[in-house]
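The values are calculated or read from the model by the stated rules, or taken from the named source; none is laboratory data. Treat the numbers as computed from the prediction; the structure is a model and nothing was measured. Here the Cβ is made from the backbone with ideal geometry for all residues, glycine too, and neighbour counts use every protein chain on show. To get the accessible areas, we keep the full protein, side chains included, count just its heavy atoms, and leave off ligands, DNA and RNA. Shrake-Rupley method; radii C 1.70, N 1.55, O 1.52, S 1.80 Å.
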Amino acid sequence: MYQPPSLLEKWSQENNELVNKCKQEAAGGAVSRDHRQSSLRWCSSEFHKLLRKIQGIPPHVDHSQLELAVVYNTCVCFTAQSQFSEAELLLKEATERVLQVTGNNADTSDPLVLWRAGLKSAGNTALHPHVLYLLCLQWALWLAKCQLENIGELQMSSLCEIVCDGVGDCSPSEAKGRLSKSPLLVMEPKRLTELLQICTSIAQGAEKLNEGRSSEALSDLQAASALPATRALVAYTHLLSGSCLAHMNRPQMALQCYKRALETDSRCVCALYRSMLIYRQLGNTQAEIQALRLLHSTLMLPPATEPVLGGIQPLSPSLLLSSQSLSRLLSVPSALSVLYSLALKCVLSGRVTEGVEHYLDLLAALHSEDQHAVRVDAEVSVLPRMPELYLEAGTALLFTWRPADCMAFCNEVISTTLELVPEKVVLEEPEEGIGGDARGLSVEGEDKVAMLLWAAAAYLVQGHCHAHLKDWKQAVTHYTRCINLLVKVHLKNRDFQPQIPAADVNVKHGKDLCTLQRMKGLSLAWRGISFTQMDQLREALRDLQLSLQAFPDYTGAGLWCGEVLWRLGRKHEAAACWEKTWSLTTQTSVEKLPLYLQDPQSGPLLDSVELRFRIQELVPPV
Amino acid sequence: MEGRCAVETWAQFGFSGRSYKVKILCGFGTDVLICTGTEEIYVFSKRERKITTVLLLPAAVNDLVGNQDKQLIYVACRSGVYRVNLQFLLHRDQSSQADASSSPAELKISQECLVVGADEVSSLLLVGSVLLTLCQRDASWLLTLYKTPKQTASTSHKEFGSFHLPVASAVDCGAAESNRGPRKGSVLICIHSGDVEASSSSNASAESTVAQDHFHLEPLLFKLLFGVEAALAKSPVILCGLPDGRLCFLPLRLPGSRLRVLHSLEQPVCFVGASVVTETGHAQCLVAAGEQGRVALIKTDKAGSEGGSAVAAFTEGCVPGPVWCGCMDKSCFYYSTGADLLRLDLSEGSFARESKERGEETSGTTAAALQSPSSLNVCRVIALAEPACSTAAGDVQLLGVSARGQLQRICLPAGRVDEGSSKLSSTQVSRSVRDLLSAIGDVCERASVLKTVIKSKNQFLRLLNHAVSVSFLLMADTTTDLPIKEKPIRCHFETSWSRLLQKDSLSLVCFLHNSSPFVLERGWTLSITVSPLSYSSSPAGESSSTNFSFPFHDLRPGQTFEASLPIAAAGDASFPMTVSCSLIFSLSSLLGEEEVAASFAGLQSSCISLPLSTLTVDWLHALQLNSPTATHKMATVQPSSAAADSIQTFLSSRQLRCGGRTNRGGESAAKPEPEKYSASVWVSSEIVRDTLKPKKSSNLDAKESIRDPEDLCLSLLERLLSEDTEGVKMGCQGDKIALSTSVAHARGPNGAAMKLTVKEINVGEEESTDKEATIEVQIESSSLAAVCGLHHAVLRRIQTLLQSATEKAASTKNVQILGLRRALQRAEIQQSQISGAFGEVVSTVQRDRLLLSVYQELRRNPLLIV
């Protein structure tokens, strides 16, 4: 079959023009994402048109080279637009046509077999490099679709070497001559293979890490970090190495890796986040706070347009690195939840003033016009619900001796929730599996129990405020309100023992119950303490004893109960009570409790040493 | 009636058909923006009451929102969202208005204004600095958030978040939608918690003016619906109604919030709003309306079912009719079904709730409120909005766009009935009955007016038809030249003398006989013109003709119309005279109404004139015969006038007698006493006999009697006096004149006595044997005019007699050569006399006399008519 050479020339000219146009668009800079997308769309449709023209005639050796080049260009454009299936179909057709040209027959649909046959048939002909290029694209597609096993089977890394060598082999003059003749390509195959190589390493590393083969992954990743690639990708290799080390319980080395990642790419927030987690794990609070602060300020920076990652290449690494295990490793909580962690950490570690500032920043951010409901990854988000945030902020304010501000916060919560608190609420034993998530989906948005607990907690904190101001009468009023709310909760499950809510029961039997019991204990105890201050010792004793019943672990209640007994002249009972309290060594971990349910560090304190002294004084008569 | 609402059309813009995307946007000072689903947005100025500007966008507009502070509008087109700086535009507009162009300025919005390049955005919402777009992508609804730049100059709108909601799998929605053509719009509104507004009052003033899609909900209801967290975060909540009937909400500023479904109406949501505003400015009721009339009212139910805590009560009901569009004011929901604008008073339900206590009844009354929307009697409204500046005194003003593309202001009556619901309904019923009755009355009145108009038109046409038929009939007459007796509409006349106030007067009685099949109705007029046949043009140059017209009223076929016209009093008439009569059809009289005739002055002269006939009334017609019986009779009847009459008779007879004497004497010229003039006509008795014969052909005896020359003369005279020539007949006054002799004495119309003698003479040479039997009609009178007139009349009669006679006359004998010769001789003499009279220079008196004598000669010696 005779084909006029002019047609071939025309087609290759058309291809070259299109490639030049594409490159110009890309070089013109990132005008806007939309614009780039539309130009890409245009390019791919033009390439596709051209390809259909070329493929309109039976395959022929003379223009196979051009055809394969156009297939390459079209597929790059399709892949860049995430049209993977279209690209794959084109590749398959192209391979089949190559087989036809070389006189082989392929009656298989298995891509692996097809590719092997194609490579073999191309052999050492002029088509060989072009078939290889197409194979690279197939590699990219597999990578994008996370079909890593295919990549392994075809031993792509060796392919990479061939491609790179193939170009390198030619002497400059020879290369030039070939270039002038051969049709232009949208993306240089060498660049593509480089990109593919490091991306494959990263993806495989993440996969192995996920499967727990940390050491295996580590060596691969460390090898990959030497590959030529953009900073961001190299930083990823360091980051993943760090994660491997962290998995292998080598936190210091992990920290080193994270540091290297940050040095390579300063925008690698994930490395910061991971190091923060390591510090937290190590218990290095100061470093953790420091890391959180850095992380927050980095997150608050305006997101850069990603020139480093995107480059001028049509295929971006983000397209190729879409595996789930990797994205999980790379995920970073939102700025707000980082800020919350920072604030909470500060308050808990005693840097209350700083913590309060962070709390206020957080609330201001939540109320600002700029804050909008951006979807957050539920796994990473540690942000508590709004009323809890208010209560925590209020408690932090109380810690910094700002009871008036604290009361304002509590009032806010009360005014919001109190109207919705039911007369009676039944607390069921939560069944396994259905946690707070199901509750969160309820149409009315809030659970009645949660509403009640929030309101009660607000009253409790307000009571603390009044106690702090030594306004005992008001304190009693607010504690009473809290108690009145709490008694509306009815426990449904009979065989459940609410009397022994231990720390480990916490997780098992639901946060609500624990919170309820602790709040009961606290409010009763503190009403008792208030009564003590007002010299209403009988009421005080009753409340303190009730408190101990509800929440036996609370040492404050035990001590004060003894004090009241002492004052009432029941000194032996008092001594016994004190002794018992001191014997309770099981301290509930403070950090797991919400801030507002912690024992207020203000108010009248009892000195244990003095108490022991009193006991000693008491003993001799006995 | 106080229940009526006033509709005032403000503007009309080219727009037709119903579109789902009509939207009115108020709150730009005095400007109102209207988009109609086309590429155009109209800017209507309330101050100037006209459309000042038309914004022309590149594609059809789906939605329109505005930012009042910055005077910006965002327009969702098919191709994307455009931002238009209204202030800038209007400024330019004002400056261009200096050019005094009354037509609205047209401004093209260029592609530069494109800020968001998303296709098919169906709804827009602006919350603070956030622009929200809602559009459908494949299988999900996509709510996208864009940050609007602080500086109006920059155009970068950064997308910073989007929310998906899968499209409901209900097949019927999608299928029905695609069938119906235009995809229905979605509704996007923003709900603020009430206490937020209270806390930030500075913000509130700005926001409340843009309240068209922003509502402030009572805090409790807000919390119940959208959660405590949204309330604590002071987050506005986006509420969107979708065409699949779902009502979804999204707390805008809450981290990690999701687009969740609040309710489903199960029919396309076409309106969402909040109403029942309390004193604090918080709406107590959230209203969602579906396209087919399902309405959901969401309120707080304080007496909740469990444990007394408040719950949100969802009340669903159906209101009549499809809901095309709706709007809210402080207590009511207004919606248009296309056929009517309805008001749903939502506060009524809560009002009734106060009195009743049970929760069940609450929903019952609310549902009842849904059942009884009150009609406002405004139809074809396709878009509604409440203008921001409602007037005081509780008046409610709505802005509406009608299906015909009119911008209307609808003023609702202020007075709301505050009685109980039952009483209210009865008054409502009576009011609507009254409304209906008056409407029926109006329609009836209009119908009757139309009916009469049609009737009169029909009448008019019928008359015209008649007129045309009649005129064709008459025109056919003139062409076929029927004898007058056979004409379908013919008229004839009779002359009659009457005596009134001692004065005789001649009147002409006209008889019009209608034998055509048509009724001569109103509009037809008989017009008779009487003019002297030979009139000497008077010095004034005016014609002495007289016009008479007689309008017909209803001359049915077969009837005869009779009219008498006074022609002349005795003595002052110039006979013979021509009477021409015609039928006139006048258009103006047909129209009947004076004002019409007055307003169309040109019509008055426009009429059709159809000539009927033209007749001549001559001396014979006007003769007053003197008969002894008549005189006698008159004398007996009227004694007072008898003396004068008899004197006159005496005088005239004396005159005649002496006249006759002098005539016999033959000397006439030089007599001082009144001359006796005479003229005569000779007719061959043969011809006379022949012509008179057919008249009496009925009996053979008559023919015999006619042989008698005496009889012949008598009958000729009779014929001359009473013959009906050309439809004119001498009226018989009293009894028929019995002519005993062949001599008739009469008085002419000028009062001159005259004698008409008919006798048989023999004319011819004395020596000749073949004497021709000849009848001579001799006219004698002392008045020359009378002789002339009568002579003329007699000649005419005989002429007609001879015309009616057949060609039998041709068989007559040889021409009397002798007579001719004599006549020639006479003619020669007369010729010489006349030329002599002119040739000699004598006095004019002499000449006149000479001429007169020649004339007399001519008259006296006539040629024999054979």
Tell me, what is the FRET efficiency for B:Ala339 and B:Arg522 to the nearest 0.05, using R0 = 56 angstrom and their Cβ-Cβ distance as r?
-> 0.70
To the nearest 0.05, the calculated FRET efficiency linking B:Gln292 and A:Ala365 through their beta-carbon distance, R0 being 41 Å, is 0.40
How much length is gained on full extension from B:Thr800 to B:Arg404, taking 0.36 nm per residue of separation minus their Cα-Cα distance?
-> 134.5 nm
Mind giving me the nanometre distance, one decimal, between the label points for B:Leu56 and B:Arg462, set 7 Å out from Cα along Cα→Cβ?
-> 5.8 nm
Can you check what the Kirkwood hydrodynamic radius comes to for the stretch A:198-330, Cα pairs only, in Å to one decimal?
-> 14.9 Å
Treating the beta-carbon of each Lys and Arg as +1 and of each Asp and Glu as -1, no other charges, what is the dipole magnitude of the stretch A:198-330 about its Cα centre, to the nearest 20 debye?
-> 280 debye
What is the list of residues in the stretch A:229-254 whose amide nitrogen lies under 18 Å from a point 7 angstrom out from the Cα of A:Ser325, following Cα to Cβ?
-> A:236-249
Heavy-atom accessible surface buried between B and A, both sides counted, 1.4 angstrom probe, nearest 100 Å², is 3100 Å²
Just grab the label-to-label distance for A:Lys10 and B:Glu106, each label 7 Å out from Cα along the Cβ direction, in nm (one decimal).
-> 4.3 nm
What pairs in A:Lys120/A:Lys208; B:Lys108/B:Lys147; A:Lys424/A:Lys580; A:Lys145/A:Lys259; A:Lys470/B:Lys302; A:Lys145/A:Lys345 have C-alpha atoms more than 29 Å from each other?
-> A:Lys120/A:Lys208; A:Lys424/A:Lys580; A:Lys145/A:Lys259; A:Lys470/B:Lys302; A:Lys145/A:Lys345
Placed amide H near B:Gln12: partners under 5 Å, 5+ positions off or other chain | B:Leu407
With a Förster distance of 25 angstrom and the Cβ-Cβ distance between A:Ser297 and A:Ser349, calculated FRET efficiency to the nearest 0.05 equals 0.85
Segment B:Asp138-B:Thr452, length gained on full extension (0.36 nm per residue, minus Cα span) = 106.7 nm
Cβ-based net charge around A:Pro604, under 11 Å, with every Lys or Arg adding one and every Asp or Glu removing one = -1
Farthest toward the dipole's positive end in the stretch A:198-330, which of A:Leu209, A:Gln286, A:Tyr236, given Cβ charges of +1 (Lys, Arg) and -1 (Asp, Glu) about the Cα centre?
-> A:Gln286
Amide H of B:Gly161: which non-local residues (sequence gap of 5 or more, or other chain) have their own amide H closer than 5 Å, using H built in the peptide plane?
-> B:Leu145
Expressed in nm to one decimal, what extension gain is obtained for the pair B:Arg49 and B:Arg556 from 0.36 nm per residue of sequence separation less their Cα-Cα distance?
-> 176.2 nm
Expected vector for the stretch A:248-256, Karplus 3J(HN,Hα) from phi with 6.51, -1.76, 1.60 and θ = phi - 60°, integer Hz, x for Gly and Pro, equals 8, 6, 10, x, 5, 5, 4, 4, 4
Give me the distance in nm between label points sitting 7 Å out from Cα along the Cα-to-Cβ direction at A:Ala408 and A:Glu149, one decimal.
-> 6.3 nm
Residues with amide H under 5 Å of B:Thr578's amide H, sequence separation 5 or more or different chain, H placed in the peptide plane at 1.01 Å from N; which?
-> B:Ser531, B:Leu533, B:Val617
